[in-house]
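As structure tokens, the structure follows; a few thoughts come after it.
The values are calculated or read from the model by the stated rules, or taken from the named source; none is laboratory data. Model, not experiment: these values are computed from the prediction. Glycine gets a Cβ as well: all are built from the backbone with ideal geometry, and neighbour counts include every protein chain shown.
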């Protein structure tokens, strides 16, 4: 099946995905505190389990079965970065520098634990901590903080290429990477990419369209479709002219 005759549902899926991720970005002023790496420490220091703690825990749980699909379908930072493709669509050089986000994540987790211990534990749950009726950005100070975060994401995307923040600076993705590895180790059924390498015509379109700059064609040839940086957006699935790549819900032992 060629690129011009692909099923209508294929293109519709990417339209839906892109709409969801851009709407999520537009709602960032509402949801910002639920993804905040700072409020979770502040709340822990007061013995409060805040909204971002709950969201990060849910990210981990969902990743056991859906991998990093959150990043590909509903992440507001991802939405902003994909809008940046309009300004500069450059492949990011991930690889060995992907460790940077874990260098940020590990001490941050330690800071949360230390704050909770000093407070004598988490004794209260407040999902709407520091929000105004559930809305995050309501004053000059919070607007300034949001602007700084968006500026950092923008600078990384413009300087280092597609979704560079996801590769190097995201404090959320390690929860899902770890969750994915746990799910794979337990061999629980989960969402995966699978491929039929013998059908590949080596057009490399899957690699060109990957928003995470993965060498998807090499993954297809190797028969190994698993990558900790894959966000399961389906761009490779929906742009392959020969339907070589597809989604499957199965255990890691049967994926590839």
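The condition (being in contact with a helix residue (DSSP H, G or I) (Cβ under 6 Å, 6 or more places away or on another chain) and under 21 Å from residue 22 (Cα atoms)) is satisfied by just one residue among 134, 161, 78: 78.
Here residue 197 meets the list (1) more than 30 Å from residue 90 (Cα to Cα); (2) out of contact with any strand residue (DSSP E or B) (no Cβ under 6 Å at 6 or more places or on another chain); (3) surrounded by 12 or more Cβ atoms within 10 Å (Cβ to Cβ) almost entirely, failing just condition (1). Each residue in region 10-28 was checked for being closer than 16 Å to residue 132 by Cα and either surrounded by fewer than 16 Cβ atoms within 10 Å (Cβ to Cβ) or not assigned by TED's automatic domain parsing to the domain that holds residue 57 (or both), and 1 pass. Do the conditions hold for residue 229, that is, is it buried (at least 18 other Cβ atoms within 10 Å of the Cβ), outside any helix (DSSP H, G or I) and in contact (Cβ under 8 Å) with a residue 40 or more places away in the chain? So residue 229 passes the test.
Checked against (1) under 15 Å from residue 65 (Cα atoms); (2) touching a strand residue (DSSP E or B) at 6+ places or on another chain (Cβ under 8 Å), residue 187 meets all criteria but (2).
In the set 238, 243, only one residue is farther than 28 Å from residue 52 by Cα and surrounded by fewer than 17 Cβ atoms within 10 Å (Cβ to Cβ); that residue is 243. Filtering 135, 148, 112, 155 for residues that are more than 19 Å from residue 60 (Cβ to Cβ) and either in contact (Cβ under 8 Å) with a residue 40 or more places away in the chain or not assigned by TED's automatic domain parsing to the domain that holds residue 26 (or both) leaves a single hit, 135.
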